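Trainee: I'd like to ask some things about the structure below.
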Amino acid sequence: MATANFNLAPGSGWTLVAATPVCFIKIRSNTPKHAIFVTSGTSLPAATVTGYKVNCEDHFCVNVQGSTADNYYVRTAESQPGQTRIDVFYLVGPPKAPA
């Protein structure tokens, strides 16, 4: 399992946290009371993309099925005070075939 840690500043925009190929990914905020936003795509998302909101006590977890060429990106809220630490855990490998 690979791990990566990021310290994101408020308003820094979308940050690439995992590139393909991954077959499993878990992303969480390790900073109390700092929600994060997660999205995936083949290229850097536009600033207007909202993404999936992950509250500070939750995590984003995906067991990738089928073929995908998506990278995973994280951003913080513009109004977030201070840095937000992001922990990413993932398994490198081709996505699993659907059952």
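The values are calculated or read from the model by the stated rules, or taken from the named source; none is laboratory data. What you see is a predicted model, and the numbers here were worked out from it, not measured in a lab. Neighbour counts run over all protein chains shown; Cβ positions are idealised from the backbone, glycine included. Surface accessibility is based on the protein's heavy atoms, side chains included, excluding ligands, DNA and RNA. Shrake-Rupley method; radii C 1.70, N 1.55, O 1.52, S 1.80 Å.
Trainee: Not counting ligands, DNA or RNA, and with a 1.4 Å probe, what is Glu78's accessible surface area in Å² rounded to the nearest 10?
Mentor: 150
Trainee: Just to check I understand the Karplus step: with θ = phi - 60° and J = 6.51 cos²θ - 1.76 cosθ + 1.60, what whole-Hz values come out for segment 33-38, glycine and proline as x?
Mentor: Values, residue by residue: 6, 10, 6, 10, 10, 10 Hz.
Trainee: For the chain, what is the relative contact order in percent, using Cα pairs closer than 8 Å and at least 6 residues apart in sequence?
Mentor: 49
Trainee: Can you list the trypsin sites (Lys or Arg not before Pro) in segment 1-82 that are in a DSSP coil and have 15 or fewer other beta carbons within 10 angstrom?
Mentor: When the trypsin sites (Lys or Arg not before Pro) of segment 1-82 are filtered for loop state and at most 15 Cβ neighbours within 10 Å, Lys33 remain.
Trainee: Something else about it: Give me the net charge for the shell around Leu8: Cβ to Cβ below 9 angstrom, other residues only, Lys and Arg +1, Asp and Glu -1.
Mentor: Value of the local net charge: +2.
Trainee: List every residue whose amide H lies under 5 Å from the amide H of Ala18, counting only residues 5 or more places away in sequence or on a different chain, with H placed 1.01 Å from N in the peptide plane.
Mentor: Residues meeting the amide H criterion: Tyr72.
Trainee: Same structure, new question: Which net charge results when you count Lys and Arg as +1 and Asp and Glu as -1 among the other residues whose beta-carbon is under 14 Å from that of His59?
Mentor: So the surrounding residues net to +1.
Trainee: Size of the chain along its principal axes in angstrom, Cα-based, largest extent first?
Mentor: 43, 26, 19
Trainee: Multiply the residue separation of Thr3 and Glu57 by 0.36 nm, subtract the distance between their alpha-carbon atoms, and state the gained length in nm to one decimal.
Mentor: Contour length minus Cα-Cα distance gives 17.5 nm.
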